[in-house]
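Note sheet for the following structure.
The values are calculated or read from the model by the stated rules, or taken from the named source; none is laboratory data. It should be emphasised that the depicted structure is a prediction, and the values quoted were computed from it without experimental measurement. As a convention, Cβ positions derive from the backbone with ideal geometry for all residues, glycine included, and neighbour counts pool all protein chains shown.
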Amino acid sequence: MELSHVLTYLAESAAIALRADAAAVCLLDESGTRLSVAAIHGLPAELLDRGPQEIQSCALDREAMSSRAAVVADAQHGPLELPGQDFRAGLCTPLIHEGQPVGTLHVYATVPERFSEDDAVTLRPLVDLGVAAITATRAMAELEALEANQAQFIRVMTHELRSPVVVAQSLVRNVLEGYAGKLTDKQADVFTRINRRLDGLENLINDLLDLAAGKALGPAEEGPVVLNASIGRVVLLLQPRAEDKSLEMTFQSCRDQLVVRGTEEGLDRVFVNVVGNAVKYTSPGGAVAVSVQQVDGQAQVEVADTGIGIPEEALPHLFEEFYRAPNAKKTEVGTGLGLAIVKDLVERYGGRIQVKSTVGVGTTFTVTLPLLSTGAV
Ligand code: ADP
């Protein structure tokens, strides 16, 4: 609920509680010396546009800020500074959070002698609610500003960290391809190892930034995405890597277009990770089979490989950040972050991910996502 709604409710409820004709809530600005009208009841709307007023210019506010509550019994004998209004009595009570004033609550009546200081006690629960709403909203605004800063920091870091690694990778590959002259076997071996390390570093940076970005940037704008297209793209992207390892990669799409909730980038990231793992953890000569189908009104993607498999005791930890099974550590470089990101994204899109595996035989990951619609391709 918005702060303005809560404050309007506060003004309304205060007027009802004290059988007053009008009420207003004023908030103190950052300078601590000016008050702005933030909500009204029974008063002209123009008051909301009046802009901040110096506390010193309003006797009622001045008094309320320095004591518990200020009462004007009869405006004919005391100050009631509301231009153009016919009120005879007023009560102003401070809104205080942890000893610091954050604003004031005013109530007005057209008859004199309407309020006493005891009425401020009647208003106490309402005032406390108002104060809680004001401080919670301000804390939220500060948090949002912090998150926006963090998101900006991650964008800058993404660029700053990735760029030098990508440049180094490209230089090392050039050297390996012989652009800097023929390499001795020993030199080629060293550069191949550097290349592998750089790939690992790039993966780590990508995974860390994905993880941080996912948490800091919050869910991106989600919409309908054609799942078949996402999987098709990923298979195409990873086909050369599979061929390099002499793996047979097959893709079985379904006849209908399966439309799911998500973002293209997010779904691509999910399947690049899952299919990429299948390729990574399968030895040369093996196979990776990717299929998309509609099962019980849901979209189901299966990624099955004939790779190293996952030990049973590792299965419960697979989606934990930085977890890597011992047999994977022995064979491949990795960060243990990919599946944590995958699970986070899949669940964000309302789906789930399951895994079945036998060591030395192979692994099948199944991603199930709720279907938004289907249509002919
Ligand atoms: P990484 O691959 O960088 O280690 P992931 O988070 O992608 O990290 O995967 C976590 C762990 O799950 C891997 O380290 C590995 O032990 C296991 N794993 C994931 N996919 C497979 C697969 N297709 N075959 C065997 N093990 C897998």
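Per-structure values
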| item | result |
| --- | --- |
| Only one of Thr358, Thr368 that is closer than 23 Å to Glu265 by Cα, more than 9 Å from the ligand (Cβ to nearest atom), in the same structural domain as Gln257 (by TED's automatic domain parsing) and at pLDDT 95 or above | Thr368 |
| In the stretch 15-30, the residues that are surrounded by fewer than 18 Cβ atoms within 10 Å (Cβ to Cβ) and farther than 19 Å from Gln100 by Cα | Ile16, Ala17, Arg19 |
| Which listed residue is near the ligand (Cβ under 7 Å from one of its atoms) and either in contact with a Gly (Cβ under 7 Å, 6 or more places away or on another chain) or charged (D, E, K, R) (or both), from Arg352, Arg324 | Arg324 |
| Among (1) within 28 Å of Ala229 (Cβ to Cβ); (2) within 25 Å of the chain's Cα centre (by Cα); (3) within 16 Å of the ligand (Cβ to nearest atom), the one test that Gly336 misses | (1) |
| Hey, Thr158 surrounded by 13 or more Cβ atoms within 10 Å (Cβ to Cβ), in a helix (DSSP H, G or I) and within 26 Å of the chain's Cα centre (by Cα) or not | yes |
| Filter result for Thr33 (surrounded by fewer than 16 Cβ atoms within 10 Å (Cβ to Cβ) and in the same structural domain as Thr122 (by TED's automatic domain parsing)) | yes |
| The stretch 233-284, subset loosely packed, with under 14 Cβ neighbours inside 10 Å, in contact (Cβ under 8 Å) with a residue 12 or more places away in the chain and closer than 18 Å to Val333 by Cβ, residue nearest to the ligand (Cβ to nearest atom) | Ser283 |
| Conditions (1) out of contact with any Asp or Glu (no Cβ under 7 Å at 6 or more places or on another chain); (2) under 18 Å from Asn203 (Cβ atoms); (3) surrounded by 17 or more Cβ atoms within 10 Å (Cβ to Cβ); number of the one not met by Phe365 | (2) |
| Residue within the stretch 31-43 that is at pLDDT below 85 and within 34 Å of the chain's Cα centre (by Cα) present | yes |
| Contacts under 8 angstrom Cβ, first residue in the stretch 156-175 being closer than 16 Å to Asn206 by Cβ and of a type in the set (A, V, I, L, M), partner modelled with pLDDT of 80 or more and part of a helix (DSSP H, G or I), 6 or more apart | Leu161/Ile205; Val165/Leu198; Val165/Leu201; Val165/Glu202; Val165/Ile205; Val166/Glu202; Ala168/Leu198 |
| Failed condition for Phe319, given (1) within 12 Å of the ligand (Cβ to nearest atom); (2) in contact (Cβ under 8 Å) with a residue 40 or more places away in the chain | (2) |
| Residue identified as assigned to a helix (DSSP H, G or I) and of a type in the set (S, T, N, Q) among Ser170, Ser116 | Ser170 |
| Failed condition for Thr363, given (1) within 11 Å of the ligand (Cβ to nearest atom); (2) at pLDDT 95 or above; (3) in contact with a Leu (Cβ under 9 Å, 6 or more places away or on another chain) | (3) |
| Residue within the stretch 293-305 that is assigned by TED's automatic domain parsing to the domain that holds Gly375, near the ligand (Cβ under 8 Å from one of its atoms) and in contact (Cβ under 8 Å) with a residue 40 or more places away in the chain present | yes |
| Unique match (being within 23 Å of Thr135 (Cβ to Cβ), at pLDDT below 90 and more than 36 Å from the chain's Cα centre (by Cα)) among Ala59, Ala69 | Ala69 |
